[in-house]
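Encoded as structure tokens, the structure appears first; notes follow it.
The values are calculated or read from the model by the stated rules, or taken from the named source; none is laboratory data. Just so you know, these numbers come straight off a predicted model, no measurement behind them. Note: ideal-geometry Cβ built from the backbone for every residue, glycine included; neighbour counts use all protein chains shown.
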Amino acid sequence: MLRYLTAGESHGKYLVGILEGMIAGLTIDTELVNRELSRRQAGYGRSPRMKIESDRIEILSGIRKSESIGGPIALLIKNRAERMEQLPSFTSPRPGHADLAGALKYNRRDLRDILERASARETACRVAVGSIARQLLREFKIELISHVVNIAGIKADTRGLSFTAIKSRVLRSKLNCGDQKAQAAMIAEIDKAGKEGDTVGGIFEVIIRGLPPGLGSYVHCDRKIDNRLAGAISSIQSIKAVEFGLGFSVSGKRGSEVHDEIFYKKGKGFYRHSNNAGGIEGGMTNGEDIVLRAAVKPISTLRRPLRSVDIVSKKPSRARFERADICVVPSAGVIGEAVAAFEIANLMLEKFGGDSLEEMKRNYQGYIKQISK
Ligand SMILES: Cc1cc2nc3c(=O)[nH]c(=O)nc-3n(C[C@H](O)[C@H](O)[C@H](O)COP(=O)(O)O)c2cc1C
């Protein structure tokens, strides 16, 4: 089983991650990890901090000569020079943040003590861990992509586009969006909100392809793949809803419009003409692509701050303004890919197990042979 821990604050010296349970014999390319870290920092609408910061990982353990050796993989990401000890204290909680509930829960009077760890800066570590998990998935030809499908109500139209077509469009897009026309309108909306001291949210989609059927299980609630993925995605800061396949829209449709009929061809095996289930039935992969979407709320820190109450004086105040992004939907999508990659890698290890890549591949191939009979 794979597990990980992260430590570190937004303006602390380092972010630290430990990934435990990785099999031996996996080639790990740290440049691929750095590339994912850059993707997390990019995206139209991020704050200028992202331009000065360029995350890179340092591997401290678990890898020798670019190969995993079975022990915990410890990694480090250096933060920029700013130090949290020198940053100002504040006592007016920002609505939409952990500030108020965190201060009450941990009995703190300086809200910076809450902000520093609640910040999404921590997701840099999750992206690094996810990128290593993704390198395991690559050995089994499992790939992930995320793309922005909605910003501030402006919808991208990517109907009928293949995984490869979406991927190539996204890689050329400032907003990770597969629809250029919609992207132009989205960028205009981000600029408008920024000028008005406001922020915008949206929706990203993650597609995972190359999955064998049978990852996850119906036999117990905590083994269901939709449970694992929804939990992981909704743990990302700002995510307020997660849906699979047709998602919320199933509620207004008839059964005959929703369920994906089953076909079989020798050599090809079982297949579907539609994927309304988003690749998951009964808590398991069904062999089709997993398609999930997540709603990202507009950033809470506003240049025109909302009303609040000072937690010390109890007098009405305005929420503190700290440098902030205007839109983080593309970055949230990259984080979504990473946490989903971790969950899928974990489920692959649960199903095919072993302690080395060779052993895991042997088990995987045995299963593929069994289900192709
Ligand atoms: C990549 C990313 C960057 C973020 N940047 C900011 C930011 O600059 N300012 C801000 O107020 N919130 C930002 N957020 C959102 C907050 O971290 C989040 O709203 C807050 O921690 C409260 O958590 P919740 O929204 O999940 O309830 C960001 C979120 C993500 C995913």
| request: Kindly establish whether residue 236 is touching a residue at least 40 places away in the same chain (Cβ under 8 Å) and closer than 29 Å to residue 176 by Cα. | output: yes
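Yes/no matrix, rows are residues, columns are (1) in contact (Cβ under 8 Å) with a residue 60 or more places away in the chain; (2) surrounded by fewer than 24 Cβ atoms within 10 Å (Cβ to Cβ); (3) not acidic (Asp, Glu):
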residue	(1), (2), (3)
341	yes, no, yes
345	yes, no, yes
350	yes, yes, no
354	yes, yes, yes
357	yes, yes, yes
367	yes, yes, yes
372	yes, yes, yes
| remark: Filtering the stretch 168-193 down to residues that are of a type outside the set (Lys, Arg), on the phi < 0 side of the Ramachandran plot and either in contact with a helix residue (DSSP H, G or I) (Cβ under 7 Å, 6 or more places away or on another chain) or not in a helix (DSSP H, G or I) (or both) yields 173, 175, 177, 178, 179
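When only residues in the stretch 293-305 that are surrounded by 16 or more Cβ atoms within 10 Å (Cβ to Cβ), over 13 Å from residue 238 (Cα atoms) and more than 9 Å from the ligand (Cβ to nearest atom) count, which is farthest from the chain's Cα centre (by Cα)?
Looking only at the stretch 293-305, we keep the residues that are surrounded by 16 or more Cβ atoms within 10 Å (Cβ to Cβ), and these are 293-302, 305.
Subsequent filtering for residues that are over 13 Å from residue 238 (Cα atoms) retains 293, 302, 305.
Still in the list and also more than 9 Å from the ligand (Cβ to nearest atom): 293, 305.
On the way: 293: 11, 305: 28 Å.
So the residue we want is 305.
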| message | Looking only at the stretch 323-373, how many residues end up being under 30 Å from residue 267 (Cα atoms), out of contact with any strand residue (DSSP E or B) (no Cβ under 9 Å at 6 or more places or on another chain) and among the small types (Gly, Ala, Ser)? | response | 4
| said: Looking at the stretch 26-45, can you tell me whether even one residue there is loosely packed, with under 13 Cβ neighbours inside 10 Å and either in a loop (DSSP other than H, G, I, E, B) or within 16 Å of the ligand (Cβ to nearest atom) (or both)? | reply: no
| said: Can you tell me how many residues within the stretch 192-216 are under 18 Å from residue 335 (Cα atoms), in contact with a Ser or Thr (Cβ under 8 Å, 6 or more places away or on another chain) and within 13 Å of the ligand (Cβ to nearest atom)? | reply: 2
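A quick yes/no check of all residues on (1) surrounded by fewer than 16 Cβ atoms within 10 Å (Cβ to Cβ); (2) farther than 15 Å from residue 43 by Cα; (3) not aliphatic (A, V, I, L, M):
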site	(1), (2), (3)
141	yes, yes, yes
154	no, yes, no
158	no, yes, yes
165	yes, yes, no
184	yes, no, no
187	no, no, no
191	yes, no, yes
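Tell me, please, whether a residue that is touching a residue at least 40 places away in the same chain (Cβ under 8 Å) and either in contact with a strand residue (DSSP E or B) (Cβ under 8 Å, 6 or more places away or on another chain) or not in a loop (DSSP other than H, G, I, E, B) (or both) can be found in the stretch 248-264. Let's see the steps before the verdict.
Taking the stretch 248-264 and keeping what is touching a residue at least 40 places away in the same chain (Cβ under 8 Å), we get none.
Checked the stretch 248-264: no residue is touching a residue at least 40 places away in the same chain (Cβ under 8 Å) and either in contact with a strand residue (DSSP E or B) (Cβ under 8 Å, 6 or more places away or on another chain) or not in a loop (DSSP other than H, G, I, E, B) (or both).
Does the stretch 313-332 contain at least one residue that is surrounded by 14 or more Cβ atoms within 10 Å (Cβ to Cβ), hydroxyl-bearing (Ser, Thr, Tyr) and assigned to a helix (DSSP H, G or I)?
First, the residues of the stretch 313-332 that are surrounded by 14 or more Cβ atoms within 10 Å (Cβ to Cβ): 317-322, 324-332.
Filter once more, so that each one left must be hydroxyl-bearing (Ser, Thr, Tyr): 317, 331.
With assigned to a helix (DSSP H, G or I) added as a condition, the list becomes 331.
The answer is yes; a qualifying residue exists.
In this structure, does residue 165 turn out to be closer than 26 Å to residue 275 by Cα, in a helix (DSSP H, G or I) and of a type in the set (A, V, I, L, M)? Can you show your working first?
Details: closer than 26 Å to residue 275 by Cα: yes; in a helix (DSSP H, G or I): yes; of a type in the set (A, V, I, L, M): yes.
In short, yes.
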| query | Restricting the stretch 111-154 to residues that are closer than 22 Å to residue 10 by Cα and assigned to a loop (DSSP other than H, G, I, E, B), which is farthest from the ligand (Cβ to nearest atom)? | reply | 111
| Does the stretch 70-83 contain any residue that is surrounded by fewer than 18 Cβ atoms within 10 Å (Cβ to Cβ), closer than 23 Å to residue 146 by Cα, modelled with pLDDT of 95 or more and among the hydrophobic types (A, V, I, L, M, F, W, C)? | no
| said: modelled with pLDDT of 95 or more, among the small types (Gly, Ala, Ser) and under 16 Å from residue 293 (Cβ atoms): is that true of residue 184 in this structure? | reply: no
| note | The number of residues in the stretch 197-233 that are free of Cβ contacts under 8 Å to residues at least 24 places away in the same chain and either of a type in the set (Asp, Glu) or on the phi > 0 side of the Ramachandran plot (or both) is 1
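In the set 308, 274, which member is at negative phi, among the hydroxyl-bearing types (Ser, Thr, Tyr) and more than 16 Å from the ligand (Cβ to nearest atom)?
Working: 308 fails: more than 16 Å from the ligand (Cβ to nearest atom).
When all the criteria are applied, what remains is 274.
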